[in-house]
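All remarks here apply to the structure that follows.
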Amino acid sequence: SQSEQTAIRQGSGLLLKNCIGAGSERSEQYINKIKKRWTSLQDSQKKQIKEKIVQVLSLPDLGARNTAVNVISNLASIEGLKEWKQLIPELINKCLSKNNDLMYSSLKCISQIAENVEHHSDLQQYSPKILECVAHGMSTNQGQNFMQVQSVAMHCLYELTELIQQNMSVETERTIIFQMVCCGASNGPNRDLRLQSFMTIGRLIENYYNVLPTYMQSIFQISKTVIEKGVNGKEDEDVTKQAIEVWSTCGEMEYDINREQQELQELQLLQQNNNNAPNQPQQARTNYGFVNKSLELLVPIYLKALLTQKDEYDEDEWTIRKAAACSLDVFAAVAQDNILNFVLKFVEQNVSQTNWRNREAALTAFGYILDGPSKDKLIRLTSQILPIILKLMTDDNIQVRQSAVWAFGRVTDVIPDAVGDKNVLQPIVRAIGDKNTIVNKICWSIANLSRYYSEKQMTNSCIYSDQNAFNLIRELLKRCNRQDSTSQVIIGTHEAINAIICFIPQNDRNKQMIESLLPELVSQMVTASELCKAGNTNDVVMYKMAGLFSSIQVILDKLGVNSLNQDNTNKIMHCCCTLLQIKDNDLVYEEALGCITYVAKCVQDNFKFFLQSPQVQDLLYKSVRTGNLNICRIGAGVIGDVYTSCSEFISTDPVKLQVFSDKIVSELLGILIGQDTDGQKMQLKGHIVDALTDILIAHGPHSHRYSGSILEKCLDIGKLVPPQDMDEIDMQDFNEIRISIIDTCRTCMAELAASQQIGNFQKYLPQIHNFFNAVSTDLNRVSVNVLKSCIKLLSEAADYCDPNTKQSLRTPAVQKILHKAGSMTNEQELVQQARSAFEQISSN
C-alpha cells in the first residue's frame, strides 16, 4: 500500500519474507516446514500474494522494492520455478522496460534467484533473453539511477556466467559479452560497475578459459592500468583488488591445467608400461601461458605494491598489498623458474636497505615465490639468503621481524633442505620470546624442522643434539605461561612441543627426558583444572587445558604401555572428568576425550576401575549423544579404545559392565541406523561401526549378546550404493565404512566359529549377499582396501563354513569382486589372495 509509511511497508515485507523462509540461512528441516505451510494455502491466496509482491517492483520506494526482491527470491525457492512458470518471463519483460527503477529491481531479482544453484537448470532456457536484459541494462545511460542499473545488470551477468555456455560457443555473442565486461571495467565514474565487471571477468576466465586468447589482450591492458594506478594510490582499493584477483584466477586455472597435463602424462606412461592403452586417448586442456606472458609487466607492479606497508600492521585486513602478494604466490606456482629473474633482483636490491619497508618487502617477496621454482635452484639461492633472514629475525622493526620469521617458516615448510644441518637454534629461541604474532610463526617453523629432522634421521640436528630438545620445550612452556600469551600462542606453542616430542629420536636419554616432563605437565594441568572448577573458564585457561591435554597425549603415545604411575593416572583422569563436565569449549572437550584414550592404552586392563565408575560411564555415554558430530566421532573412538584396553576384564566377567554395555550399544546402534546420509554423518557411521566391532571383540566368547543385532544393522548400511554424484572425499569415507562392516562380519564369524555355532552364520547370508551385490555394482569406485577386505572375508568364510555355505557364496556378485581383484596387476598380493579365495570357494 503506497498510503503507508516506508518503515511499515518494509516491516510487513520482511515479515512476509521470514514467513516463507530465508534461503540457505535456514535449515533444511525449516525450509521443508515452510514449503508445507505454503502448499497448504489455497491457490487463489498464493496467486494473490505473488501478483501483489511482483507489482511492488515498479514502485518508486527503493526500500519497498528491495524487500520485494527478497520476498520473490525466497518464494521462488519455496515454490520452485517450475511451479511459478510466469515469474522469469514476467521479470524479463520488466527488465526490458525504460523505467530505471523497474529495470533495477527486476535485474536484481533475477540475480538473487540465480544465486541459488538449484534454480540453474530452470533458468538455463531463459539465458539468451536474460543476456538481452543485461545488455539493455548496460546500455542505459540516462535518467535517474542509471549507474545502479548498469551495476546490477553486470552483477546479473556474474550470477549467470555458468549458464551461458551456448552463447559463449558463438563467436559474435561471445565477443559482445567480453566487450560488455571490458567496457564496464574500463575507467569511468561508476565504481560499482567496475567492481562487478572485474568480478565477472574472473568468473568468465574460470568457466571459459579455452576461448580467452582473442580477448586476453584487452583484459590485460584494462586490468594492468587499474592495478598500476591502485598501487600508486590513484584508484579505488576494492576495484584494484578485484583486478588483481582476475590474474590470480587466471594463474589458478593455468596451475590446474599444468597439473592435469602432468597427471595425464603419468597415466599414459603407466598404461604404456602395463600395455593397457585406452580406447580413446584423453586430451588435456591447452595452457595458453597468459601468466608467463604477463610476468615482465605485472610482477614489477606487484613488487612495488609490497612497499606500501602501513605503519600499523593488521593481519586480518585484506589490502592491495596482500592481494598482490597472494597473486605473486600463484604466479610462482605457474611460472616456476621463470619468476626468479624478476623477484631475486628485487630481493637483492632491498633486503639490506636502511628503510624498514624495503627490508620487509624483500622478505615478503622471497617468501611468496618459494612454492614453484625447482628445488635445486631454490636450495642454492636460499642457502645464500638464509643468514640474512636469520639476522633480520632480530631486526629493530616489528614488521621486519614478523616477515623474517614467516619467511623462515616458509623455508622450513617448502625447502627444509636449505636449512639442513645448520644451527638455527639461537634465532629460534629469541623469536620464542618475542611478540605474540612472531611466536605463532616460529612455532610453525619448529614443527616443520622437527618433522624434517626425523625424516632425514638427523639425530644430531640443532634441535635434537644434547639437551637442546628439552631446553627448547622449556622455553616454549615458559612462553606459553607468560601473562601476555593469547589463546593462539598457547595452541601454537603446544603444537611445537608436540612435534618435538613426536619426532624425537628413540634413545634412553630422550626417554628419560620425556618421562621427567610428564609430571610437570600433569601438575600444570591440575592447576589449570582447579581454575576451571572455580569458574575461571576464560579462553586463555581453556586453551591452556587443551594444549596440556594434547601434549600429554603425545607423551603417552611416545612412551607406550605402563608409562603411567597410579598418581599421574588419577590426576589426569580427574582433570578429564572435570573438564568434560564443564563443556564450555569444544576443543578442550575433544582433547580431554582423546586423553582418556591414551590413558586407557597405557594402563591397559587397569582402566577397568575407571570404566566401572558411574561418572566415567556417564561422560562416555554423553559424548556420543552430543549434537557436535566431531565430538561424537571422537567419543565413539574413545569407547572402542577403552573396551579394547579392558578386553581381558570384560571377556572374563562381562556382567560387571553389562548395564553400561547394553546402554552404549543401544545408543550406538541408534546413531548407526539414523536416516542422515550426508558426508559428515556417513563418516560418523564408520566410526560407530568400528566402536561396535571393538565392543564385540572385547566381549570375546560372550559377544553373542550383541553380535546379532550389530551385524544386522551394519549390513543394513552395507547394502547401500552411494549416489553417482558423491564427491571423492565422501566416497573415501563410504569405502572406509565398507571396510569396517567387513571387519564386523569377520569378528562375528570368528566368534561363532570359536563357540562352535558357525551354523548360525547362515541366517546372515541374505544380508551379506546384499552387501556383496552393492559392492559389485560399484566396483569402479570401490577402493583397493575394500577389495582386500572382501577377499579376506570370503577366504575366512570358506575356511569356517560348511560346503553348503561355500556353495551359496558362488554368486555373480562374488564372481565380479573376485575378477576385479584378480585383474589388479599392480597389486600382486591382492591378485594371489583373490585366486586363493576363488579356489577355496570352488572346492567341495
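The values are calculated or read from the model by the stated rules, or taken from the named source; none is laboratory data. As the structure is a computational prediction, the values presented were derived from the model and not from experiment. Backbone-built Cβ (ideal geometry, glycine too); neighbour counts: all protein chains shown. Quick note on the areas: whole protein, heavy atoms, side chains included, nothing else; ligands and nucleic acids left out. Shrake-Rupley method; radii C 1.70, N 1.55, O 1.52, S 1.80 Å.
Once fully extended, how much extra length lies between ARG380 and GLU348, figured as 0.36 nm per residue of separation less the alpha-carbon to alpha-carbon distance?
Answer, rounded to one decimal: 10.0 nm.
Find which of ALA362, THR569, TYR464 sits farthest along the positive direction of the dipole of the chain, computed with +1 on the beta-carbon of Lys and Arg, -1 on that of Asp and Glu, about the Cα centre.
After comparing all options, I get ALA362.
Size of the dipole of the chain about the Cα centre, Lys and Arg at +1 and Asp and Glu at -1 on the beta carbon, nothing else charged, in debye to 20?
In debye, rounded to 20, the chain gives about 740.
Return the Cα extents of segment 735-844 along principal axes one, two and three, sorted largest first, each rounded to a whole Å.
Principal-axis extents of the Cα atoms in segment 735-844, largest first: 39, 30, 22 Å.
Just from its helices, what would the mean residue ellipticity at 222 nm be for the chain, if runs of 4 or more DSSP H residues each count -39500 (n - 2.57) and the sum is divided by every residue, rounded to the nearest 500 deg cm²/dmol?
-23500 deg cm²/dmol
Provide Rg and Dmax in Å for segment 497-614, with only Cα atoms included in the calculation.
13.9, 42
For the charge dipole of the chain, defined by +1 on Lys and Arg C-beta atoms and -1 on Asp and Glu C-beta atoms about the Cα centroid, which residue among MET513, ALA76, GLY718 has the Cα displaced farthest towards the positive pole?
ALA76
Can you check how the C-alpha radius of gyration of the chain compares to 2.2 N^0.38 Å, as a plain ratio?
Numbers: Rg = 32.3 Å, N = 844, 2.2 N^0.38 = 28.5 Å.
Its radius of gyration relative to the 2.2 N^0.38 Å reference: 1.14.
Please check the chain for the longest run free of GluC sites (Glu not before Pro) that are loop-located per DSSP (anything but H, G, I, E, B) and have at most 10 other Cβ atoms within 10 Å.
Answer - 318-844.
Please give me the summed charge of the neighbours of ASP396: other residues whose Cβ is under 15 Å from its Cβ, Lys and Arg +1, Asp and Glu -1.
After counting each charged neighbour, the total is +2.
Less than 25 Å apart at the alpha-carbon level, and either on another chain or at least 8 residues along: which lysines does that give for LYS50?
Result set, ordered by chain and number: LYS17, LYS33, LYS35, LYS36, LYS82, LYS85, LYS94, LYS98, LYS108, LYS129.
Ignoring ligands, DNA and RNA, what accessible area per residue does segment 512-567 give at 1.4 Å, in Å²? Display every interim value, and only then the final one.
Numbers: 2380 Å² over 56 residues.
Accessible area per residue: 43 Å².
Are there any chymotrypsin sites (Phe, Trp or Tyr not before Pro) in segment 292-348 that are in a DSSP loop and have at most 16 other Cβ atoms within 10 Å? List them by number. If you can, show how the numbers build up before the last one.
Details: sites: TYR302, TYR313, TRP318, PHE331, PHE342, PHE346; in loops: TYR313, TRP318.
Sparse-neighbourhood loop chymotrypsin sites (Phe, Trp or Tyr not before Pro): TYR313, TRP318.
If you roll a 1.4 angstrom probe over the protein chains with everything in place, what fraction of the accessible area of the chain belongs to carbon and sulfur, to the nearest %?
Carbon with sulfur: 46 percent of the solvent-accessible area.
Suppose all protein chains stay in the model; what accessible area per residue would a 1.4 Å probe give for segment 166-240, in Å²?
Accessible area per residue, segment 166-240: 45 Å².
Between the DSSP loop rule and a limit of at most 11 other Cβ atoms within 10 Å, which chymotrypsin sites (Phe, Trp or Tyr not before Pro) in segment 566-617 are left?
Taking segment 566-617 and a limit of 11 other Cβ atoms within 10 Å, no loop chymotrypsin sites (Phe, Trp or Tyr not before Pro) are found.
Could you tell me the relative contact order of the chain? Use alpha-carbon pairs under 8 Å, at least six residues apart, and round to a whole percent.
Numbers: 1052 pairs, mean separation 36.4, N = 844.
Over the chain, the number comes to 4 percent.
Check cross-link reach from LYS816 to the aspartates and glutamates: straight Cα distance under 16 Å, and skip same-chain residues fewer than eight apart.
Cross-link targets: ASP778, GLU839.
At q = 0.20 Å⁻¹, work out log10 I(q)/I(0) for segment 442-578 with the Debye formula, treating every Cα as an identical point scatterer and leaving solvent out; two decimals please.
-1.20
Could you work out how much longer the chain between LEU269 and ASN630 gets when fully extended? Use 0.36 nm per residue separation minus the Cα distance between them, nm to one decimal.
Details: separation 361, 0.36 × 361 = 129.96 nm, distance 4.12 nm.
Contour length minus the Cα-Cα distance gives 125.8 nm.
Taking 0.36 nm per residue of sequence separation and subtracting the Cα-Cα distance, how much length would be gained by fully extending the chain between ARG781 and GLN457, in nm to one decimal? Display every interim value, and only then the final one.
On the way: separation 324, 0.36 × 324 = 116.64 nm, distance 3.79 nm.
Gain in length upon complete extension: 112.8 nm.
Just in segment 804-844: which trypsin sites (Lys or Arg not before Pro) are loop by DSSP and have at most 16 other Cβ atoms within 10 Å? Don't jump to the answer; show the numbers that get you there.
Details: sites: LYS806, ARG810, LYS816, LYS820, ARG835; in loops: ARG810.
Listed in order of number, the matching sites are ARG810.
What pairs in LYS375/LYS544; LYS713/LYS820; LYS544/LYS713; LYS422/LYS478; LYS511/LYS681 have C-alpha atoms more than 31 Å from each other?
LYS375/LYS544; LYS544/LYS713; LYS511/LYS681
Please list, or write none, the lysines whose alpha carbon is within less than 21 Å of the alpha carbon of LYS304, excluding same-chain residues fewer than 8 places away.
Within reach: LYS224, LYS229, LYS234, LYS241, LYS293, LYS322, LYS345.
Farthest toward the dipole's positive end in the chain, which of ILE688, PHE609, VAL405, given Cβ charges of +1 (Lys, Arg) and -1 (Asp, Glu) about the Cα centre?
Of ILE688, PHE609, VAL405, it is ILE688.
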